[in-house]
Amino acid sequence: MAHIGILALQGDYEKHARSLERVGARVSEVRTAAELAAVDGLVIPGGESTTMLKLLDREAMFEPLREFGVSKPIFGTCAGAILMAAKVENPEQASLGLVDIAVRRNGYGRQLDSRVAQIDGEGFGALEAVFIRAPIIYSAGPGVRVLASYDGDPVLVEEGRHLVATFHPELSADDRVHAYFLRKVAG
Ligand code: GLN
């Protein structure tokens, strides 16, 4: 059974664990490099990316996380998507650079402080997308596959082993996005 870690330094990590358990993953919370080394894939949840960066720095987890992503799958949602990006603006900040996307934090402005939208995912069909102060993916490199868009911009993308959502699939009563990530981890 694939063993998936949820980065549990800050933010919305518990609901991810429930979704992943429902689709059959073995799940652990990850706060240290030793815990990270024990898992086959990782979820970086939503929350506040600036706070997460500070905690990653304090716990000396930034570099282990980046190295983990060089060979193992990571699913970044919302703040996690910001951490996965190659480039971040509004304001500029450090990121893991594991997926070739450029993101603007809180990129939809006040209009998307919080919104539930219906999107259409490639290979998924209709999906509910819960946006909370979401980043906007304003550019994506040629290796990035767009699985779903909202309002003309990508909101669910993958590049190689990694998956990124600017919305919160763990807040919908639908575990298909987590099941998709589990399949990526299980290979
Ligand atoms: N706005 C947050 C950030 O910039 C992300 C919001 C979220 O994860 N729901 O980090």
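For GLY5, the amide hydrogen comes within under 5 Å of the amide hydrogens of SER28, ASP40, GLY41, LEU42, VAL43, counting only partners 5 or more places away or on other chains and with H modelled in the peptide plane. About its Cα centre, the dipole of the stretch 117-187 is roughly 280 debye, where the only charges are +1 on Lys and Arg Cβ and -1 on Asp and Glu Cβ.
Distant-in-sequence amide contacts of ALA148, defined by a placed amide H-H separation under 5 Å and a gap of 5 or more residues or a different chain, comprise GLU122, VAL155, LEU156. The charge dipole of the stretch 1-110, taken about its Cα centre with unit charges on the Cβ atoms of Lys, Arg (+1), Asp and Glu (-1) only, comes to about 280 debye.
For GLU59 and SER139, what is the calculated FRET efficiency with R₀ set at 35 Å and r taken between the beta-carbons, to the nearest 0.05? Write down the numbers at each step before the final one.
Details: r = 31 Å, r/R0 = 0.88.
Calculated value: 0.70.
Couplings for the stretch 47-63, taken from phi via the Karplus curve 6.51 cos²θ - 1.76 cosθ + 1.60 with θ = phi - 60°, read x, 10, 4, 5, 5, 4, 4, 4, 5, 4, 5, 4, 8, 6, 10, 4, 5 Hz in order; Gly and Pro are left as x.
Note that the stretch 6-16 has calculated 3J(HN,Hα) couplings of 10, 4, 10, 7, 6, x, 9, 9, 5, 5, 4 Hz, one per residue in order, obtained from phi through the Karplus relation 6.51 cos²θ - 1.76 cosθ + 1.60 (θ = phi - 60°); glycine and proline are x.
The stretch 88-187: Rg/Rh from Cα coordinates, Kirkwood Rh?
Here the Rg-to-Rh quotient is 0.94.
Spacing of the modelled spin labels on LYS87 and ASP174, each 7 Å from Cα toward Cβ, amounts to 3.2 nm. A helix-only calculation puts the chain at -7500 deg cm²/dmol for mean residue ellipticity at 222 nm, using -39500 (n - 2.57) for each DSSP H run of at least four residues, averaged over all residues.
Could you tell me how many cubic angstrom of Cα convex hull volume the chain has per residue? Walk me through the numbers before you get to the answer.
On the way: hull volume 18.5 nm³, N = 187.
Roughly 99 Å³ of hull volume per residue.
Take every pair of alpha-carbon atoms less than 8 Å apart whose residues are at least six positions apart; their mean separation over the length of the chain yields a relative contact order of 20 percent.
Can you compute the charge dipole magnitude of the chain about its Cα centre, using +1 on each Lys and Arg Cβ and -1 on each Asp and Glu Cβ, nothing else charged? Give it in debye, rounded to the nearest 20.
That gives the chain a dipole magnitude of about 100 debye.
For SER139, the amide hydrogen comes within under 5 Å of the amide hydrogens of ALA102, counting only partners 5 or more places away or on other chains and with H modelled in the peptide plane.
We did not get these values from a lab; they are worked out from the coordinates using the rules stated. This one's a predicted model, so the numbers in the text were calculated from it and none came from an experiment. Note that each Cβ is placed from the backbone with ideal geometry, even for glycine, and that neighbours are counted across all protein chains shown.
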